[in-house]
1. Could you check how many residues of region 86-127 are under 26 Å from Phe263 (Cα atoms), buried (at least 21 other Cβ atoms within 10 Å of the Cβ) and touching a Gly at 6+ places or on another chain (Cβ under 7 Å)?
2. Which of the numbered conditions does Val325 fail, given that it passes all the others? Conditions: (1) aliphatic (A, V, I, L, M); (2) touching a helix residue (DSSP H, G or I) at 6+ places or on another chain (Cβ under 7 Å); (3) open to solvent by 30 Å² or more (accessible area, probe 1.4 Å).
3. When you scan region 413-469, how many residues do you find that are of a type in the set (Lys, Arg), touching a helix residue (DSSP H, G or I) at 6+ places or on another chain (Cβ under 6 Å) and open to solvent by 40 Å² or more (accessible area, probe 1.4 Å)?
4. Only one of Asp364, Asp375, Asp357, Asp347 is more than 22 Å from Ala201 (Cα to Cα) and among the acidic types (Asp, Glu); which?
5. Tally time: how many residues in region 267-293 are open to solvent by 20 Å² or more (accessible area, probe 1.4 Å) and over 16 Å from Val192 (Cα atoms)?
6. For region 382-412, which residues satisfy the criterion of being outside any helix (DSSP H, G or I), open to solvent by 40 Å² or more (accessible area, probe 1.4 Å) and within 16 Å of the ligand (Cβ to nearest atom)?
7. Pull up region 68-82, narrow it to residues that are more than 6 Å from the ligand (Cβ to nearest atom) and not small (Gly, Ala, Ser), then point me to the one that is farthest from the chain's Cα centre (by Cα).
8. Tell me the helices (runs of 4 or more DSSP H) entirely within region 83-191 that contain at least 2 residues that are within 11 Å of the ligand (Cβ to nearest atom).
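The values are calculated or read from the model by the stated rules, or taken from the named source; none is laboratory data. Being a predicted model, the structure only gives us computed values, none of them experimental. Every residue, glycine as well, gets a Cβ built from its backbone with ideal geometry; the counts of neighbours run over all protein chains shown. Just so you know, the surface numbers come from the protein's heavy atoms only, side chains and all, with ligands and any DNA or RNA stripped out. Shrake-Rupley method; radii C 1.70, N 1.55, O 1.52, S 1.80 Å.
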Amino acid sequence: MIKFPIILQNMLIKLIFKGNYLTNLQIMTTNQQSRRSFIKRTTAVTAGVGAVTVLPASTIFGKPAPSDKIGVALIGCRGRGFGSLKDHLAFDDTHCVAMCDVDSNILNDRAGEVQKDYGQTPELYSDYRKMLEQKDIDAVIIGTPDHWHCLNLVDSVAAGKDVYVEKPMANTIEECNIMVDATSYYDRIVQVGQQQRSNPAFIQSMELVKSGLIGSLRKVSLWANFNYGLGATPAMDEPVPDGVDYDMWLGPAPARPFNRNHFHGSWRHFWNYGGGMFSDWGVHLIDIGLWVKDQVKAPTEILTFAANNSGFSKKRDTFDTMTAVFPTKDYVINYDMIAGVQSGPYDNLYGVALIGDKGTIKVDRGGYRIIPEWDGDKKEFMIEAKEFKKAKESHGQHVRDFLDCIKTRQTPSCPPEVGRAAALHVHAANISARIGEPYLVWDDINNRFSNSEKANSYIKPDYRAPWKLPVIG
Ligand SMILES: NC(=O)c1ccc[n+]([C@@H]2O[C@H](COP(=O)([O-])OP(=O)(O)OC[C@H]3O[C@@H](n4cnc5c(N)ncnc54)[C@H](O)[C@@H]3O)[C@@H](O)[C@H]2O)c1
């Protein structure tokens with residue numbers, strides 16, 4: 001059989017599909033993914049978006065010429081967003097051209113750091129829509145709270161930019177759907193920040209399971225026990241701090257008085273902005289439970305127990321204690337979370353156990369351990385015990401993968417379909433717990449829960465005017 005390079009294969013497949021745009025991953029999963037008919041790429045695509053950016057590779061003295069560098073912009077500069085920007089700027093072929101934050105104190109501090117550490121002077125903005133008009137932006141990093149991801153991403157891809165969007169992909173099921181569709185429609189490269197996909201410990205563990213080392217995979221056990229899941233110390237409502245555009249921070253979320261407990265960093269414990277520790281940390285772990293079988297789809301059955309059982313006086317909407325079970329055809333994914341308890345199975349406060357007939361692979365960001373099963377008849381271990389430590393930090397590798405894909409136009413390691421699959425597990429379980437219906441059945445073809453109208457009312461967010469849930473196409 002003639003083997004074409006992947007880029008040619010994609011072009012051929014796209015030609016065969018006569019203009020229907022399919023990403024690599026959609027090509028692989030068309031059979032299982034019939035949620036929506038694929039969006040036709042029409043000639044009516046927003047001006048300036050149609051052309052595919054393939055950046056030239058010319059260099060000066062072995063380094064990319066300034067004009068060949070990928071112009072990077074950041075929306076949301078305080079925490080992970082700025083970390084991600086630094087991971088981008090660690091590579092020679094990038095430069096920071098713009099930064100945006102609704103808190104001018106943070107924006108100015110972070111811009112000062114970029115100037116000091118990288119000698120670069122990005123344009124500064126408080127409204128990301130204005131920033132997206134800047135022509136030299138090739139890639140946008142989205143580091144805002146989860147309730148903003150959908151609008152930020154859709155506007156960015158519609159403006160012709162490639163996007164690195166932090167996980168969880170969005171705060172509701174429908175926003176995830178829209179983001180997948182928008183990425184296809186505008187033909188952009190989008191990498192979701194589930195960086196474990198680029199971590200050697202997880203990559204090798206996946207390969208080992210797929211090679212059959214541990215026999216039949218029976219169960220993927222996931223757990224996350226962290227203090228921060230308890231929420232923040234209760235605080236009184238107060239006037240909006242100087243330099244903060246709070247209305248723009250709230251964006252599509254319901255209006256409420258300013259409260260530090262719901263703001264920077266702590267927003268993740270309130271349903272209007274985030275999904276608690278399950279969507280914050282659990283989404284990384286669920287991703288591994290799906291990747292191990294190359295599953296790129298939503299859950300079918302969801303069984304959830306959740307409660308607020310801790311005695312600590314922290315403030316949150318979300319749960320501190322949760323168990324969610326996702327059965328699949330031939331294995332089961334189980335997620336356990338006890339916020340405030342700083343220990344866990346295998347002496348790890350978070351982790352993944354890939355449990356098979358012949359042994360278990362216990363993996364976290366620092367490495368993996370193979371724990372063999374004992375064969376009572378042969379009086380020997382079924383497989384060899386092994387330990388792999390010092391996995392390299394994977395944020396940088398995940399960013400590198402994104403930057404390479406910007407140049408080659410290939411699908412990155414965590415495209416939106418993968419981000420959606422992981423996020424839907426988390427959101428479905430959170431919905432189940434919120435409505436007190438422990439068993440839900442998700443119908444991915446019709447994009448609804450088939451056994452609960454109450455659950456269906458949580459699929460779409462109710463955006464605060466003037467913000468509108470984007471419509472693609
Ligand atoms: N991949 C990872 O391991 C990882 C780790 C931590 C956080 N995250 C994700 O990163 C995202 C940010 O989390 P964080 O902890 O850094 O939050 P944060 O509250 O520390 O920072 C968010 C920033 O976004 C700004 N912001 C809010 N609305 C904005 C808007 N409309 N325009 C511009 N700026 C706006 C805020 O002012 C703040 O500076 C979240 O989605 C989170 O889940 C990912």
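1. Adding up the residues that qualify gives 3.
2. With (1) aliphatic (A, V, I, L, M); (2) touching a helix residue (DSSP H, G or I) at 6+ places or on another chain (Cβ under 7 Å); (3) open to solvent by 30 Å² or more (accessible area, probe 1.4 Å) applied to Val325, the lone miss is (2).
3. So the first thing to find is which residues in region 413-469 are of a type in the set (Lys, Arg), and the list is 420, 434, 448, 454, 460, 464, 468.
Still in the running and touching a helix residue (DSSP H, G or I) at 6+ places or on another chain (Cβ under 6 Å): 420, 448, 454, 460.
Still in the running and open to solvent by 40 Å² or more (accessible area, probe 1.4 Å): 448, 454, 460.
So the count comes out to 3.
4. Details: Asp364 fails: more than 22 Å from Ala201 (Cα to Cα); Asp357 fails: more than 22 Å from Ala201 (Cα to Cα); Asp347 fails: more than 22 Å from Ala201 (Cα to Cα).
Matching residue, one of Asp364, Asp375, Asp357, Asp347: Asp375.
5. Restricting attention to region 267-293, the residues satisfying the condition of being open to solvent by 20 Å² or more (accessible area, probe 1.4 Å) are 267-268, 271-272, 281, 291, 293.
Now narrow it down to the ones that are over 16 Å from Val192 (Cα atoms): 267-268, 271-272, 293.
Of the residues in region 267-293, 5 are open to solvent by 20 Å² or more (accessible area, probe 1.4 Å) and over 16 Å from Val192 (Cα atoms).
6. If the condition is that a residue be outside any helix (DSSP H, G or I), open to solvent by 40 Å² or more (accessible area, probe 1.4 Å) and within 16 Å of the ligand (Cβ to nearest atom), then Lys392, Glu393 are the ones that fit.
7. At the first step, the residues of region 68-82 found to be more than 6 Å from the ligand (Cβ to nearest atom) are 68-74, 82.
Those still in the list that are not small (Gly, Ala, Ser) too: 68-70, 72, 74, 82.
On the way: Asp68: 28, Lys69: 25, Ile70: 22, Val72: 19, Leu74: 16, Phe82: 16 Å.
Taking the candidates together, the pick is Asp68.
8. Working: elements: 104-118, 128-131, 149-158, 173-185.
Answer list for region 83-191: 104-118, 128-131, 149-158.
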